[in-house]
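**Q** Here it is, the structure in full.
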């Protein structure tokens, strides 16, 4: 087996944090793509801005904490925290400038052509100004609170990600100048619609126009818009006796996290910026000046306008024929007994598959137990109501709620309390390990015996996300898999060491070992002259040990295709290291979220799906679940999905050995093959074929 010629970490691995900025840039490319419908472009710009916010709240905050600790720890690619922060700043400055330019110079003019006018107050007619003044007096002024800084008036606390107006206010009689801040109300739409033409005026511009009413008989010497990003991550001690109470405490603390970024309008004077820096306690390198509108994430209000002609054609998820028949016949469990079922959302209906599965279990008198996991869910999901109904019917209902799911901690706490009040057994897992497993177990009495049915997914049980997140779900009555899931739930809810699982793979116990074994088996087969290839689809690939195994397999001659939506630390196409590895990312109207692992050697082809990305946190520090898919028909479906994404020449990017992502274009004379469109067509064809068969 050939050895790589590069040994320096930076030559073997790409930086995880910079890789995330590359993802934001790819989303921004979609926003800039004129072939994408206009309001979809606005949506993508909103998403790219929101992604940068989350990046600063979690990843940049973590790096800053590492730098402040004084501990010299290098990332796997060899960078120090200080070096990474410096490169992040350079790239974010460029990315922010591109976002602002795209919004101001392309999207706003094109929106105006379609009658969607984003305007300044100065653009309004006299009648529109009168209307705006009336609305300000009635709807806005009563909830504003001007906060001045002076003797006995300290610099106010600035909440995370809230827009604010900063100003220097001068008393014309005494010449005294004070700094003041007015928070832009968060409970109101960002854009105020005014006039018969429906002009959209940013709320902060409306408030800025009427500032004199908040500071009577004073002069506004300067005003600027600013926004603060704060550290939003937290850790719960392994020693926490009451996990629910510990998370609630950390949520209260997180509100007052350290400031990690100040965004301020580029028109702000040096004196204004210095005043904000002093009040927030931040350094020069944390200041980002923005030209034009701050917080472009909130243009999702415009993206949500009811203008279907400016959006993608609506997609109505299909109910797979076997599920439709099972629901109409009332024999959901008999259908699963007849053979495993595989569904792919949003091409296939979440409501017509998983939701039908849990509803059937809740009302079936022969079902005696329902056990499930909640990582993220939604108000629309019937999962929690089904558990409550099952409990009220006397069934054993168990729900493992991961209350440390970032961003959904408060919602999950509320769900857990509602479940407990209804008599559902609620378990919170472990302080030291996030439980990212997506599994539901149904126990049913049949012919005097107990039979178990299982759903294992790649995504959360979230009805809203299932309309836009691409994920797979496997329904099976396989006795070995069902027994494994039962053992897993017992481990999660009880006290004991995990058993040796029969078929499923569970992190952190054996996922890394099993993935490495599969890679090595393919490499060994190819080295001995047999055909072999590896195809993996994940959201992120950053685990150094897994990457090194893929490098070794490439040096053995294995063809490796990786579909990595977001973070990728592997450097493909490097001579004598990763020549046979191709990495691509597919972005489109749906968020690619499923995890698929395919290992081919000789005449054997093994497929797995599950919840785990190939990151250190997932493989070594979380509870994750991966399951083999053994039915040949279902394996073919997974293979077809990988084929469609690997052949995509319209919405895919490829990663080069230099670490640069380039969009895949159509070759001369080649027809467009957008992978997600191909998969939508496949879903329609399957339904039509089933109808003909009937």
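The values are calculated or read from the model by the stated rules, or taken from the named source; none is laboratory data. If you're wondering where the values come from, they're calculated on a predicted model, not measured in any experiment. Methodologically, a virtual Cβ is constructed for each residue, glycine included, from the backbone with ideal geometry; neighbour enumeration extends over all protein chains shown.
**Q** So is residue 179 over 35 Å from the mean Cα position of the chain (by Cα), touching a residue at least 12 places away in the same chain (Cβ under 8 Å) and buried (at least 19 other Cβ atoms within 10 Å of the Cβ) or not? Please lay out each step first, then the result.
**A** Details: over 35 Å from the mean Cα position of the chain (by Cα): yes; touching a residue at least 12 places away in the same chain (Cβ under 8 Å): yes; buried (at least 19 other Cβ atoms within 10 Å of the Cβ): yes.
Yes.
**Q** Among the residues of the range 649-686, which ones are under 20 Å from residue 30 (Cβ atoms) and in a helix (DSSP H, G or I)?
**A** 675, 676, 677, 678, 679, 680
**Q** Could you say whether any residue in the range 501-509 is over 24 Å from residue 608 (Cβ atoms) and without any contact (Cβ under 8 Å) to a residue 12 or more places away in the chain?
**A** The answer is no; no qualifying residue exists.
**Q** Sort through 402, 355, 392 and tell me the only one that's at pLDDT below 90 and crowded, with 18+ Cβ neighbours inside 10 Å.
**A** 402
**Q** Same structure, new question: With closer than 24 Å to residue 615 by Cβ and modelled with pLDDT of 95 or more as the only criterion, which of 42, 52 stands out?
**A** Values: 42 fails: closer than 24 Å to residue 615 by Cβ.
Residue meeting the stated conditions: 52.
So that you can scan it fast, the table gives a plain yes or no per residue for (1) closer than 13 Å to residue 350 by Cα; (2) modelled with pLDDT under 95:
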{"position": "457", "(1), (2)": "yes, no"}
{"position": "461", "(1), (2)": "yes, yes"}
{"position": "466", "(1), (2)": "yes, yes"}
{"position": "471", "(1), (2)": "yes, no"}
{"position": "475", "(1), (2)": "yes, no"}
{"position": "490", "(1), (2)": "no, yes"}
{"position": "493", "(1), (2)": "no, yes"}
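**Q** Restricting attention to the range 421-442, which residues are touching a helix residue (DSSP H, G or I) at 6+ places or on another chain (Cβ under 8 Å) and farther than 30 Å from residue 620 by Cβ?
**A** 422, 423, 424, 442
**Q** Restricting attention to the range 425-439, and to residues there that are closer than 19 Å to residue 511 by Cα and crowded, with 18+ Cβ neighbours inside 10 Å, which single residue is nearest to the chain's Cα centre (by Cα)?
**A** The selected residue is 436.
**Q** Can I ask one more? Does the range 42-51 contain any residue that is part of a helix (DSSP H, G or I), touching a residue at least 40 places away in the same chain (Cβ under 8 Å) and within 27 Å of residue 167 (Cα to Cα)?
**A** yes
**Q** Ok, one more. Among the numbered criteria (1) in contact with a helix residue (DSSP H, G or I) (Cβ under 9 Å, 6 or more places away or on another chain); (2) buried (at least 21 other Cβ atoms within 10 Å of the Cβ), which single criterion is violated by residue 484?
**A** It fails just one condition, (1).
**Q** Scan 456, 442 and give me the residue that is more than 29 Å from residue 680 (Cα to Cα) and surrounded by 24 or more Cβ atoms within 10 Å (Cβ to Cβ).
**A** Exactly one residue qualifies, and that residue is 442.
**Q** Also: Would you say residue 422 is at pLDDT 90 or above, surrounded by fewer than 21 Cβ atoms within 10 Å (Cβ to Cβ) and farther than 27 Å from residue 538 by Cβ?
**A** Details: at pLDDT 90 or above: no; surrounded by fewer than 21 Cβ atoms within 10 Å (Cβ to Cβ): yes; farther than 27 Å from residue 538 by Cβ: yes.
When the stated conditions are applied, residue 422 does not pass them.
**Q** Pick out the one residue from 227, 178 that is assigned to a strand (DSSP E or B), in the same structural domain as residue 262 (by TED's automatic domain parsing) and under 24 Å from residue 292 (Cα atoms).
**A** Exactly one of 227, 178 is assigned to a strand (DSSP E or B), in the same structural domain as residue 262 (by TED's automatic domain parsing) and under 24 Å from residue 292 (Cα atoms), namely 227.
**Q** Something else about it: Being without any contact (Cβ under 8 Å) to a residue 12 or more places away in the chain and either touching a strand residue (DSSP E or B) at 6+ places or on another chain (Cβ under 8 Å) or farther than 24 Å from residue 19 by Cβ (or both) narrows it down to one residue among 658, 631, 643, 648; which is it? Don't jump to the end; show me each part of the working.
**A** Values: 658 fails: either touching a strand residue (DSSP E or B) at 6+ places or on another chain (Cβ under 8 Å) or farther than 24 Å from residue 19 by Cβ (or both); 631 fails: without any contact (Cβ under 8 Å) to a residue 12 or more places away in the chain; 648 fails: without any contact (Cβ under 8 Å) to a residue 12 or more places away in the chain.
Exactly one of 658, 631, 643, 648 is without any contact (Cβ under 8 Å) to a residue 12 or more places away in the chain and either touching a strand residue (DSSP E or B) at 6+ places or on another chain (Cβ under 8 Å) or farther than 24 Å from residue 19 by Cβ (or both), namely 643.
**Q** Further question: Of all the residues that make up the range 493-517, how many are surrounded by fewer than 21 Cβ atoms within 10 Å (Cβ to Cβ) and in a helix (DSSP H, G or I)?
**A** Here the count works out to 5.
**Q** Please indicate, with yes or no, whether at least one residue in the range 570-577 is surrounded by fewer than 23 Cβ atoms within 10 Å (Cβ to Cβ), modelled with pLDDT of 95 or more, touching a strand residue (DSSP E or B) at 6+ places or on another chain (Cβ under 8 Å) and more than 27 Å from residue 439 (Cα to Cα).
**A** yes
**Q** While we're on this one: Any idea which of 626, 684 is modelled with pLDDT of 95 or more and under 30 Å from residue 339 (Cα atoms)?
**A** Working: 684 fails: modelled with pLDDT of 95 or more.
Just one listed residue meets the conditions, 626.
**Q** Could I ask something else about it? Here is a check on your reading of the model: is residue 389 in the same structural domain as residue 475 (by TED's automatic domain parsing) and over 19 Å from residue 456 (Cα atoms)?
**A** Against the criterion (in the same structural domain as residue 475 (by TED's automatic domain parsing) and over 19 Å from residue 456 (Cα atoms)), residue 389 qualifies.
**Q** Further question: Which residue, of 216, 172, is part of a loop (DSSP other than H, G, I, E, B), in the same structural domain as residue 260 (by TED's automatic domain parsing) and either in contact with a strand residue (DSSP E or B) (Cβ under 8 Å, 6 or more places away or on another chain) or at pLDDT 95 or above (or both)? If you could, list the steps in order and put the result at the bottom.
**A** On the way: 216 fails: either in contact with a strand residue (DSSP E or B) (Cβ under 8 Å, 6 or more places away or on another chain) or at pLDDT 95 or above (or both).
So the residue among 216, 172 that is part of a loop (DSSP other than H, G, I, E, B), in the same structural domain as residue 260 (by TED's automatic domain parsing) and either in contact with a strand residue (DSSP E or B) (Cβ under 8 Å, 6 or more places away or on another chain) or at pLDDT 95 or above (or both) is 172.
**Q** Then there's this: Can you pull out every residue in the range 317-348 that is surrounded by fewer than 22 Cβ atoms within 10 Å (Cβ to Cβ) and assigned to a loop (DSSP other than H, G, I, E, B)?
**A** Result: 317, 319, 330, 331, 339, 340, 347.
**Q** From 642, 646, 679, grab the single residue that is closer than 29 Å to residue 33 by Cβ, at pLDDT 90 or above and in contact with a helix residue (DSSP H, G or I) (Cβ under 7 Å, 6 or more places away or on another chain).
**A** None of the other options fit; the residue is 679.
**Q** Quick check on my filter: what residues within the range 139-169 are in a loop (DSSP other than H, G, I, E, B), surrounded by 12 or more Cβ atoms within 10 Å (Cβ to Cβ) and more than 35 Å from the chain's Cα centre (by Cα)?
**A** 149
**Q** With respect to the numbered conditions (1) in contact with a strand residue (DSSP E or B) (Cβ under 9 Å, 6 or more places away or on another chain); (2) at pLDDT below 95, which one is the sole condition not fulfilled by residue 581?
**A** Going through (1) in contact with a strand residue (DSSP E or B) (Cβ under 9 Å, 6 or more places away or on another chain); (2) at pLDDT below 95 one by one, residue 581 breaks only (2).
**Q** Which one of 606, 617, 582 is surrounded by fewer than 20 Cβ atoms within 10 Å (Cβ to Cβ) and either assigned to a helix (DSSP H, G or I) or on the phi > 0 side of the Ramachandran plot (or both)?
**A** Matching residue, one of 606, 617, 582: 617.
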